[in-house]
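A.B. asks: Encoded as C-alpha cells, here's the structure I'll be asking about.
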Amino acid sequence: MAALPNISNIREMQAWSDHARREGKRIVLVPTMGFLHEGHLSLVRQGRQKGDRLVVSIFANPAQFAPTEDFDNYPRDLERDIRLLAEERVDLLFNPTAEEIYPAGYQTYVDVDQVSQPLCGAHRPGHFRGVATVVLKLFNIVRPHAAVFGLKDYQQLQVIRRMTEDLNVDVEIVACPTVREPDGLAMSSRNRYLTPVERDAALCLQSALGKAEALVVGGETAAQRIREAVVEEISRQPLARLEYADLRDPRELCPVEEVKGPTLLALCAWVGKARLIDNRILAGEGP
Ligand code: AMP
C-alpha cells in the first residue's frame, strides 16, 4: 500500500507548505472531519485537478459542535481514511489534535454575520462561527492556493466564500457537486447513524426536493406553495421530523417570495439520531 505522509504539528505544516511554495508548487487543501466517503473523495479528485500538491486535513472541530451535539460520537476511522487517501495519491494528510488547534487561552473567533444566521445557523447557534474560525486557521496553517468544499453543505460554502471575500483571504474557493447514493440519498458521515428502516425513510428528503423541482418546472413561482409541498412530502414519512425547509437567495441566503431565477431550496430533517441536510438550486444554476 502507498504510504501517506502525515503531519499533525502546525509549524511543521507551515514549513512544508512554505517549501512547496518556494518550489513554485500550487497547493490545494481539502478540509474534512474524517470518516471519508465518496463525497469527500470527489473533492479530493477535483482538488488534484486544481494544483500540484494536494493536502487533506482531517480534524473533527469541537468549536462547531454545541455541547448537546454529537461531537463525542462523531464517527471516526483514521486507519481506513488513511488507506483511502493513500489510494488517491494525496500528498499529505494534516491531522492535528484539538489542543494543537485550540491551545489553552485560545480566544479568537470569526463571525460571518448575515449568511450564518438562517437555516442551519438558526438551529445550531455558534456552528458557523466554529466553521469559519477553523477554516481560516487551516488556511493560515496549510497556506493553500485553493481549497475545495462540497455543495452538500451549501450554507457552509457561502459562509466560507463570504469570509474569504470580506477578509481578503487569497485562497480560491472551489465548489463540488453533491455525491449521492444510487437511490439519491446525499452521502454523509452521519448516514452511519441510520438503521435500515431509517435509511429508507431518509429518501423523503430527496423526494421532497424532486417535488419542488417538478412544481417549478411546471411553472409554479410562489415560494410559499413550493415550501408547503416540501413540508407535506416530509410529513408523509413518520420517521422524519422536519427542522427547516426554506427558499432563499443562493448567494446572500435572504428569503425569497417568488422563484424568478436561481433559488436555493435548503432542507434539514431528523431521521432517528441523524440530522440530515440536502439542497437544490431551483430554476437555474447557483453562483
Ligand atoms: P465533513 O467531513 O462532513 O466536514 O465534509 C468535508 C467536506 O466534504 C465538506 O466540504 C463537505 O461539503 C463535503 N461533503 C460532504 N458530503 C459530501 C457529498 N455527499 N458530496 C460532496 N461533498 C460532500
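A.B. asks: 7 Å from Cα along Cα→Cβ at both Leu167 and Trp270: what's the point-to-point distance in nm?
C.D. replies: 3.2
A.B. asks: Next up: In whole Å, how far is the Cα centre of the range 203-268 from that of the range 1-39?
C.D. replies: That distance is 38 Å.
A.B. asks: Return the carbon/sulfur percentage of the accessible area of the chain, one whole number, probe 1.4 Å, all protein chains in place. Please list the in-between numbers first.
C.D. replies: On the way: 6550 of 13700 Å².
Heavy-atom surface of the chain belonging to carbon and sulfur, 1.4 Å probe: 48 percent.
A.B. asks: Tell me the GluC sites (Glu not before Pro) within the range 199-235 that lie in a loop according to DSSP and have at most 11 other beta-carbon atoms within 10 Å. Show your work: numbers first, answer last.
C.D. replies: Values: sites: Glu213, Glu220, Glu228, Glu232, Glu233; in loops: Glu220.
In loop regions of the range 199-235 (DSSP not H, G, I, E or B), there are no sparsely surrounded GluC sites (Glu not before Pro).
A.B. asks: To continue, here is another question. With every protein chain present, what is the per residue accessible area of the range 11-124 (1.4 Å probe, Å²)? Spell out each step's value before the answer.
C.D. replies: Details: 5840 Å² over 114 residues.
So the range 11-124 comes to 51 Å² accessible per residue, rounded to a whole number.
A.B. asks: OK, next. What accessible area per residue, rounded to a whole number of Å², is obtained for the range 183-287 using a probe radius of 1.4 Å?
C.D. replies: On the way: 5020 Å² over 105 residues.
In whole numbers, the range 183-287 has 48 Å² accessible per residue.
A.B. asks: Still on this model: Which loop-located trypsin sites (Lys or Arg not before Pro) does the range 192-255 contain, where loop means any DSSP state but H, G, I, E or B and the Cβ has at most 14 other Cβ atoms within 10 Å?
C.D. replies: Values: sites: Arg192, Arg199, Lys211, Arg225, Arg227, Arg236, Arg241, Arg248, Arg251; in loops: Arg236, Arg251.
The qualifying sites are Arg236, Arg251.
A.B. asks: Estimate the FRET efficiency between Asn9 and Gln114 by the formula 1/(1 + (r/R0)^6), using the beta-carbon distance for r and 25 Å for R0, to the nearest 0.05.
C.D. replies: On the way: r = 36 Å, r/R0 = 1.44.
The pair Asn9/Gln114 has a calculated efficiency of 0.10.
A.B. asks: Note the full-extension length gain between Glu232 and His123 as 0.36 nm times their separation in residues minus their Cα-Cα distance, in nm to one decimal.
C.D. replies: On the way: separation 109, 0.36 × 109 = 39.24 nm, distance 2.08 nm.
Extra length available between Glu232 and His123 comes to 37.2 nm.
A.B. asks: Can you say what percent of the DSSP beta bridges in the chain, counting only those with both residues inside, are antiparallel? Round to 5. Mind showing how you got there, number by number?
C.D. replies: Details: 20 of 38 bridges.
If we restrict to bridges inside the chain, about 55 percent are antiparallel.
A.B. asks: If the reach is capped at under 22 angstrom between alpha carbons, list the lysines near Lys211, excluding any in the same chain fewer than eight residues apart.
C.D. replies: Partners found: Lys152, Lys260.
A.B. asks: Here is a follow-up. So if R0 is 22 Å, what FRET efficiency would Ala214 and Asp70 give, r being the distance between their Cβ atoms, rounded to the nearest 0.05?
C.D. replies: Details: r = 34 Å, r/R0 = 1.53.
Efficiency, from the Cβ-Cβ distance: 0.05.
The values are calculated or read from the model by the stated rules, or taken from the named source; none is laboratory data. Given the structure is predicted, the values throughout are model-derived calculations rather than measurements. Cβ coordinates were reconstructed from backbone atoms using ideal geometry, including for glycine residues, and neighbour counts include every protein chain displayed. The accessibility values were calculated without ligands, DNA or RNA, using every heavy atom of the protein model including side chains. Shrake-Rupley method; radii C 1.70, N 1.55, O 1.52, S 1.80 Å.
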